Amino acid sequence: MIVNGEPRTHRPDLRLRALLAELKVDDRAAAVMVGEEIYRPGHIPDIALKESDVIEIVSMMQGG
Amino acid sequence: MIVNGEPRTHRPDLRLRALLAELKVDDRAAAVMVGEEIYRPGHIPDIALKESDVIEIVSMMQGG
Amino acid sequence: MIVNGEPRTHRPDLRLRALLAELKVDDRAAAVMVGEEIYRPGHIPDIALKESDVIEIVSMMQGG
Amino acid sequence: MIVNGEPRTHRPDLRLRALLAELKVDDRAAAVMVGEEIYRPGHIPDIALKESDVIEIVSMMQGG
Amino acid sequence: MQDTLTIAGSPFRSRLMLGTGKYRDFGVMRDAFEAAAVEIVTVSIRRVELGAPGHTGLLDVLAKGKYQLLPNTAGCKTAEEAVRVAKLARAMSGTNWVKLEVIPDAKYLLPDPVGTLEAAKILVGEGFTVLPYMHADPVLARQLAAAGCATVMPLASPIGSGRGVLTRASLEIIIEEAAVPVVVDAGLGVPSEAAAVMEMGAQAVLVNTAIAEAESPVQMAGAFRKAVEAGREAYLAGRMPVRAHASPSSPVQGVVTLPQPEVPA
Amino acid sequence: MQDTLTIAGSPFRSRLMLGTGKYRDFGVMRDAFEAAAVEIVTVSIRRVELGAPGHTGLLDVLAKGKYQLLPNTAGCKTAEEAVRVAKLARAMSGTNWVKLEVIPDAKYLLPDPVGTLEAAKILVGEGFTVLPYMHADPVLARQLAAAGCATVMPLASPIGSGRGVLTRASLEIIIEEAAVPVVVDAGLGVPSEAAAVMEMGAQAVLVNTAIAEAESPVQMAGAFRKAVEAGREAYLAGRMPVRAHASPSSPVQGVVTLPQPEVPA
Amino acid sequence: MQDTLTIAGSPFRSRLMLGTGKYRDFGVMRDAFEAAAVEIVTVSIRRVELGAPGHTGLLDVLAKGKYQLLPNTAGCKTAEEAVRVAKLARAMSGTNWVKLEVIPDAKYLLPDPVGTLEAAKILVGEGFTVLPYMHADPVLARQLAAAGCATVMPLASPIGSGRGVLTRASLEIIIEEAAVPVVVDAGLGVPSEAAAVMEMGAQAVLVNTAIAEAESPVQMAGAFRKAVEAGREAYLAGRMPVRAHASPSSPVQGVVTLPQPEVPA
Amino acid sequence: MQDTLTIAGSPFRSRLMLGTGKYRDFGVMRDAFEAAAVEIVTVSIRRVELGAPGHTGLLDVLAKGKYQLLPNTAGCKTAEEAVRVAKLARAMSGTNWVKLEVIPDAKYLLPDPVGTLEAAKILVGEGFTVLPYMHADPVLARQLAAAGCATVMPLASPIGSGRGVLTRASLEIIIEEAAVPVVVDAGLGVPSEAAAVMEMGAQAVLVNTAIAEAESPVQMAGAFRKAVEAGREAYLAGRMPVRAHASPSSPVQGVVTLPQPEVPA
């Protein structure tokens, strides 16, 4: 499993919201991409995660 | 007599205020120089004029 | 038949070198393209021309 | 006596060419000014020097 | 009568867009935004730092609805990366506007013309409102407009360099030919440079470093606001002609001359 | 805290001086003055047209006390003529301020450095407050300041040419060394040029043709006002450094890259 | 030691390429080529005027082997047209060199970056030696070099405009990063501009209008030759540093001063 | 037909004057002089170092009669000092030519217009051939010519700064109005800048630091020589007109187009 570009150990039964909670991510302040699916803040479903998933968890930052 | 750069016929007994009146000059809106003496608007004396006098009658105009 | 962008009447048995002669083209000072085939000056074959042929006859000109 | 901006002890009977010799100045490669008089290289006279003399001994240097 | 900037159908009174980068703190940024009377602000999309408490300072300033957000794709080196980040940006920000940046190298941060056009076509096709950052290349500007971009954003000089308007002649052509608003982006260092491109007919400018790195960012933000307004108003007011020679401002008649110059009577 | 321009002990809030020449009518001029929030305006002194009824339009606009008048000596070719006109100006206007112009030729209207310095010394000696128009010559600027002038007024480009700032390097030195306020005069064509010299540290600018000959003089006057304020505020706010290279405005950490650029996973 | 320009493996002593357009007659052109000591000259490919006797003047000047011919694709608006003309050019001229021009519009004759890169890739693949005309876009320059072009030919200003070097900052970056020779093409109006880009490190320049339209083309050709050589030699000689302040050329010691300045002893 | 520069009745073929300052040794200087084909060289006058053996290196290079010497008054702060040094220079060098410098400050080494004019009048009166160094002030140039100076020598930028031509607009006016040869002096950093002022119509240039401080002074001297010749020849050859738009170099007739662009038959 790849999360934000880094490998992360997958475990059976891991679900997206559990992962976010572990990572201390506020799911109302982040968007999430799993594979090609993209989820909006506050609308992130509690889907099951596969070992092959590539996950991006992003937020809005300063920029020009 | 030279007035504003042009020769002008002098006559005996000609005085400054009479000259200004003849020339339709509003003496509150003009400054006058007779020789090296300069008079402010509203303070122009009624002096006698000589044939050799060089007189400048000026006003404020637009400019940059 | 299109020659140098202009329609030109085709006739049966018309061959390339005859066309060049008619058009007063010096075949040592021109390159010719018939369809996608391109021929060098001095090496222009005497092929038969079809009604559907698009022909370009070009030379070197001044340019920057 | 002032020589090239610096005070220098004068002595009676001091003459210009003796001064130049003391100062190791090649009198064909220097111009000399004594007061307002200026002398060319090779044409420096052997004049007597006074205590009040202001003397400039100059040469040509690089410059732009 | 109001002078309005319209982008993708939305009207704006301000012609000064601001970036949110490099501010020393979000309070200064907020005050600068106030001083600038800004309506459109850029943000970036970045991976959340995992396991760390989030900062909410930026989001607090960008309170819902106050500003038109313009997320960028800064950091993307290829069209494909930019398209991907644009989609994440849309999900994250709730707007379909995107400042498209496809920038393959780090030293001058200059954009890739081919990759930018390719990404612009894809994003327009997916319903994005695309504002592409680009070199001041007039032909590319025409192609981006033809591809459906909402604006073009040609650069004045490299991002964050403060070198000012190094592409003036090309900008003039882009503005002359523009079918969409021209927003001059990148490299402006002082307000006079913003005024100058507005006088040329640019529709807006985007500024970040020149304000964020000023000694007094809030004062500088106000200065940029006035300069952009000045430039726009001067453009509308119609400048004087340029002359090779002088033209006196004072009347040439009636000068008080001396009879013979140098020799008083 | 108020940012004040002080000339000869008098404080001014506006740093934009205006000429009164070339306006199509005095109503437009008056409105332009309002839009510019001007405090100091120049006038010329000319021989009255004899036997003709006088115009009072100009005097009506310059109602007593509303503006600091700055009579010029335009048209004077020698120091002597300029001194004479300055005295007439003082009598006529009631102010001892004078914009000293000693200009021997008509084509480029460039000032005579020697005559200007000579006249300045005389006029300072006679109690005038002298603001000399000059070429952008740093040594002359120092000499005029040392002679007691209240300001120096170096030119940006020839009077009425609208060619902008052609003397930038010299102006920078003049400003760096100035013991008196530097007022950039002549040649400015658009507001951005005024802003640029203010950003360099000039204390004020004087504008005439660029406003009077704009298609919409009143709007242009407002644009110059904002530009001068913008330039001044930017000077006070402290500009960002200029860099040879780019400097990213968005964070370089956390970019959403693809595993292998160009080759999606 | 000879300073040699190498393009696609061929060495050249001259760094001044010339166009053959716009000369008033071929005799003047031939003499200009002599004066310039040119080695590489451009030609165009055009449809023969049918039914008319051909001119051989151009071919006479370009006697076999005397010059490296560089046929261009001027007039082509798309990559496809340019590829087709390049093939005709190769057949006609006997060289596989081509100056690639993909120019969609007539007013400024600016090249299409996307079409140019596309055509360049095709032509390189077909064995051409490609010298692409391009906007001064550093990223595009890198892409064209990576695609196998023999040089890049960024523009100084629009073709035939004589406006000089309007793309200086971008040219500097292109030169800094160049993996292939940089030939500055288009817009040069006078020799000093050619010298300036050579001093920056350009490998060569291409000039046409500035010579052909000079009052005395042959003399101007000689002037360009010297200027290009001067610029190249100055680049190799290593310029002095630029200083903000002055630096005296004469010794500061030993000055013949007066005891008290202004007051002679 | 020879193109000759005439100063005070003396003809010169070279339009490149050189200073003798700052060379790392006299051998390099001599070789640079050869490479430049120089005819007029400046020297300074300094107090002899007392009690020390003199250097004769400089005098060896300046072998009698080979060059027209041009002694300067560098270091003089007032007209009086300059007159005094000029007299010493005449005695020392045997020529009555003098490069007049009256420079009151050290930071920018800018000349005093009033002091320069005053000294010029005195020196002309005493039979000197005066070449005054001056700010690029067109009115002062006219006054110096009227006072009998043999040339005027306006500055391009501060001495030894290498900043190039910062006074272009003023130089153009000086050249247009000049009654005597205009020799552009000071600040030139690279040959293209020398060529540029020659193209404008300057009669000659004076260079010192740009050659002496180049990494390879001899090669740089040759480059300046070619650039000055190029600029002069271009001036004589008559430059092409400048156009706002492009002007094609290849024929617009006979282009090999595709029947429908983008869609091959």
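Quick notes on this structure:
- Tally of residues being at the interface with chain E (Cβ under 8 Å from one of its Cβ atoms), in contact (Cβ under 8 Å) with a residue 60 or more places away in the chain and touching a Phe, Trp or Tyr at 6+ places or on another chain (Cβ under 9 Å) across the range F:214-225: 1
- The set of residues in the range F:126-161 that are modelled with pLDDT of 95 or more, in a loop (DSSP other than H, G, I, E, B) and over 12 Å from F:Leu110 (Cβ atoms) comprises F:Glu126, F:Gly127, F:Phe128, F:Ala147, F:Gly148, F:Cys149, F:Ala150, F:Thr151, F:Ala156.
- When residues in the range A:38-58 are screened for being surrounded by 14 or more Cβ atoms within 10 Å (Cβ to Cβ), without any contact (Cβ under 8 Å) to a residue 40 or more places away in the chain and away from chain E (no Cβ under 14 Å), 1 of them pass.
- Listed conditions (1) part of a strand (DSSP E or B); (2) out of contact with any Leu (no Cβ under 6 Å at 6 or more places or on another chain); (3) under 17 Å from G:Leu59 (Cα atoms) are all met by C:Val32, apart from (3).
- Among (1) surrounded by fewer than 24 Cβ atoms within 10 Å (Cβ to Cβ); (2) farther than 22 Å from F:Pro111 by Cβ, the one test that F:Gln203 misses: (2)
- Candidates F:Met198, F:Met153 - the one that is within 14 Å of chain E (Cβ to nearest Cβ), out of contact with any Cys (no Cβ under 9 Å at 6 or more places or on another chain) and farther than 25 Å from H:Ala141 by Cβ: F:Met198
- Matching helices (runs of 4 or more DSSP H) fully within the range H:191-265 where at least 2 residues are out of contact with any His (no Cβ under 8 Å at 6 or more places or on another chain) and under 21 Å from H:Pro11 (Cα atoms): H:191-200, H:217-237
- Meets criteria (among the polar types (S, T, N, Q) and away from chain D (no Cβ under 14 Å)) for H:Thr42: no
- Of all residues in the range D:26-37 being aliphatic (A, V, I, L, M) and within 15 Å of H:Ser93 (Cβ to Cβ), the one that is farthest from the other protein chains (Cβ to nearest Cβ): D:Val32
- The set of residues from the range H:67-113 being out of contact with any strand residue (DSSP E or B) (no Cβ under 7 Å at 6 or more places or on another chain) and hydroxyl-bearing (Ser, Thr, Tyr) comprises H:Thr78, H:Tyr108.
- Some residue of the range F:7-21 being touching a residue at least 60 places away in the same chain (Cβ under 8 Å), basic (Lys, Arg) and within 12 Å of chain B (Cβ to nearest Cβ): no
- So E:Val242, is it farther than 22 Å from E:Tyr108 by Cα, away from chain B (no Cβ under 14 Å) and surrounded by fewer than 22 Cβ atoms within 10 Å (Cβ to Cβ): yes
- Selection status of G:Ala221, of a type outside the set (Asp, Glu), on the phi > 0 side of the Ramachandran plot and within 15 Å of the chain's Cα centre (by Cα): no
- Across the range H:124-134, the number of residues qualifying as within 14 Å of chain F (Cβ to nearest Cβ) and touching a residue at least 40 places away in the same chain (Cβ under 8 Å) comes to 1.
- Applying the condition of being of a type outside the set (Gly, Ala, Ser) and more than 7 Å from chain G (Cβ to nearest Cβ) to the range H:72-94 and asking which residue is nearest to the chain's Cα centre (by Cα) yields H:Thr73.
- Conditions (1) touching a Lys or Arg at 6+ places or on another chain (Cβ under 7 Å); (2) within 19 Å of F:Ala91 (Cβ to Cβ): number failed by B:Arg28: (1)
- Residues of the range A:1-25 that turn out to be facing chain E (nearest Cβ under 10 Å) and loosely packed, with under 15 Cβ neighbours inside 10 Å, as a count: 3
- Residue check for H:Arg168: out of contact with any Phe, Trp or Tyr (no Cβ under 9 Å at 6 or more places or on another chain) and closer than 17 Å to G:Phe224 by Cβ: no
- If you filter the range H:226-236 down to residues that are out of contact with any Lys or Arg (no Cβ under 8 Å at 6 or more places or on another chain) and buried (at least 24 other Cβ atoms within 10 Å of the Cβ), you find that the one that is farthest from the other protein chains (Cβ to nearest Cβ) is H:Gly231.
- The residues in the range H:140-149 that are buried (at least 24 other Cβ atoms within 10 Å of the Cβ) and more than 9 Å from every other protein chain (Cβ to nearest Cβ) can be counted, and the count is 3.
- From the list G:Asp137, G:Asp105, G:Asp112, the lone residue that is buried (at least 23 other Cβ atoms within 10 Å of the Cβ) and within 13 Å of chain H (Cβ to nearest Cβ) is G:Asp112.
- Hits in the range E:167-190 - residues which are modelled with pLDDT of 95 or more, surrounded by fewer than 24 Cβ atoms within 10 Å (Cβ to Cβ) and either of a type in the set (Gly, Ala, Ser) or assigned to a loop (DSSP other than H, G, I, E, B) (or both): E:Val180, E:Pro181
- Matching residues, the range B:1-29, being assigned to a strand (DSSP E or B) and closer than 18 Å to E:Val256 by Cα: B:Ile2, B:Val3, B:Glu6, B:Pro7
The values are calculated or read from the model by the stated rules, or taken from the named source; none is laboratory data. Nothing here was measured: the structure is a model prediction, and the numbers come from that model. Every residue, glycine as well, gets a Cβ built from its backbone with ideal geometry; the counts of neighbours run over all protein chains shown.
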